[in-house]
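Novice: Following this message is one structure expressed as structure tokens.
Nothing in this text is a laboratory measurement; each read-out follows from the coordinates by a stated rule. Keep in mind the model is a prediction, meaning the values are calculated, not measured. Positions of Cβ are backbone-derived with ideal geometry, glycine not excepted, and every protein chain shown enters the neighbour counts.
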Amino acid sequence: MTSPAPSPLAYVPFVSVENMMRLVNAIGVEPFIAELAGFIEEDFKRWPEFDKTPRVASHSAEGVIELMPTADAENYGFKYVNGHPGNMREGYQTVTAFGVLSSVANGYPLLLTEMTVLTALRTAATSALVARYLAPQNSEVMAMIGNGAQCEFQALAFRALLGVNRLRLYDIDPEATRKARRNLTAQGFEVVSCRSGEEAVEGAQIITTCTADKQFATILTDNMVGAGQHINAIGGDCPGKTELHRDILLRSDIFVEYPEQTRIEGEIQQLAPDHPVTELWQVMRGEAAGRRDDKQITLFDSVGFAIEDFSALRFVHAKVQGTDYAQRLDMLADPDDPRDLFGMLERSRS
């Protein structure tokens, strides 16, 4: 007896790491980021339509594993992601991820995709999108403190969306800076390797901090930040992990994705629970001010929120329709009679 073939409804499009890289390279990294940023901006502007909750996190001494869910009236999306700072010593990635986009109407998955590469792209796209609202006009120089896996994506995003082409790099690991400089010089950036964070921020209009240690740290001290700068703080993303001295926060206008999550995980965990912050969706909708003048210090206290991943899933789903970038996975049991799952199992015996 031949096992019955899977129903067409059993298949879910799956984008592997290989196919995600093929897709990104076919579009081009910077155009991909720019178009993805457009999807993120669209979803931020309809922020009230989403179900929202802080991510569900399981913390351990080694790191964290998180689920990041959200939904609008049509689709539900979630991302599984880890953050294990010590992984690199064992030959593993610090961050890995995958995600699912599903139909609210019937609960069936519409897309399963790798999100390790995609998260790097969406994080960079979000940073640069936010900087369009908060960074000084005509910014030319960005300091990048922390030159790990996210560094090059951030640089490409800021060039794609803001035209920033001059970079000042610093990392406590000189090899990380050499890696970043090699990659970014090949992409046409003007790159200066610096011996300290203090040296890196000299002459920069934008400061990006992106370090991985799961601990309270002081990557930026108060004396390193001057009037008019924009700080893109993306390393702090869980309780007990920050990068900025508290005094910087007290001098800055702080912008966040979702306060209920950021107050737990972001730089503002150092401040009083009622310290004023501005939600970015309100800025993008024109309901709150972003950058007001040349002397204002703006801080994007970035921790990453599920709606950004939802936007990325929605973007990839649109891009892979009718292409060979997605494989068909026989993932859903779909018996002819929905009540007869056991019968389907029995008929599968040959």
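Novice: Could you work out which residue, out of Ile231, Ile172, Ile40, moves most in a Gaussian network model of the chain, that is, has the largest mean-square fluctuation with Cα springs under 10 Å?
Specialist: Top of the fluctuation ranking is Ile172.
Novice: Write down the percent of antiparallel bridges among all DSSP beta bridges whose residues are both part of the chain, to the nearest 5. Display every interim value, and only then the final one.
Specialist: Working: 30 of 60 bridges.
Antiparallel bridges make up about 50 percent of those DSSP assigns within the chain.
Novice: While we're looking at this one, here's another question. Work out which trypsin sites (Lys or Arg not before Pro) in the chain are exposed loop sites (DSSP not H, G, I, E or B, at most 14 other Cβ within 10 Å) and give the longest gap free of them.
Specialist: 47-194
Novice: Another question about this same structure. Where does helix 17-27 land angle-wise versus the long Cα axis of the chain, in degrees 0 to 90, nearest 10?
Specialist: 60
Novice: Which value, in nm² and rounded to one decimal, describes the direction-averaged projected area of the C-alpha convex hull of region 232-275? Can you show the working numbers first?
Specialist: Details: hull surface 11.4 nm².
Over every viewing direction, the Cα hull of region 232-275 projects on average to 2.8 nm².
Novice: Taking the convex hull of the Cα atoms, report for region 108-256 its projected area averaged over all directions, in nm². Could you put the intermediate results ahead of the total?
Specialist: Details: hull surface 39.7 nm².
Answer in nm², one decimal: 9.9.
Novice: With unit charges on the beta carbons (Lys and Arg positive, Asp and Glu negative) and the dipole taken about the Cα centre of the chain, which residue among Val277, Leu121, Met144 sits farthest to the positive side?
Specialist: Result: Met144, furthest along the dipole toward the positive end.
Novice: If you don't mind, there's one more thing I want to ask. Run a plain Debye calculation on region 57-105 (Cα atoms as equal point scatterers, no solvent) and give log10 I(q)/I(0) at q = 0.15, 0.21, 0.23 Å⁻¹, rounded to two decimals, same order as the q list.
Specialist: -0.49, -0.72, -0.79
Novice: Now for a different question. From the residues Gln261, Ser193, Val303, which one has its Cα farthest along the dipole of region 129-304 in the positive direction, the dipole being from +1 and -1 charges on Cβ of Lys/Arg and Asp/Glu about the Cα centre?
Specialist: The residue sitting most towards the positive pole is Ser193.
Novice: Moving on to the next point. Using only Cα atoms, tell me the angle between helix 116-134 and the longest principal axis of the chain; keep it within 0 to 90° and round to the nearest 10.
Specialist: Tilt relative to the chain: about 40 degrees.
Novice: Cα axis of helix 306-320 to longest principal axis of the chain: angle in degrees, 0 to 90, nearest 10?
Specialist: Once rounded, the angle reads 60 degrees.
Novice: Now, a different point. Pick from Leu250, Leu118, Leu156: which is most flexible by mean-square fluctuation in a GNM of the chain where alpha carbon atoms under 10 Å apart are linked?
Specialist: Its mean-square fluctuation being the largest, the pick is Leu250.
Novice: Here is a further query. Pick from Thr123, Thr262, Thr323 the residue whose mean-square fluctuation is largest in a GNM of the chain, springs joining Cα atoms under 10 Å.
Specialist: Ranking Thr123, Thr262, Thr323 by mean-square fluctuation puts Thr323 first.
Novice: Among DSSP bridges having both ends in region 129-304, what percentage is antiparallel? Round to the nearest 5.
Specialist: 5
Novice: For the chain, taking Cα atoms only, what is the radius of gyration to one decimal and the Dmax to the nearest whole Å?
Specialist: 21.5, 77
Novice: Separate question: Sequence-distant or interchain residues sharing an amide H contact under 5 Å with Leu110, placed H: which?
Specialist: When sequence neighbours closer than 5 places are left aside, the close amide H contacts are Leu101, Ser102, Ser103.
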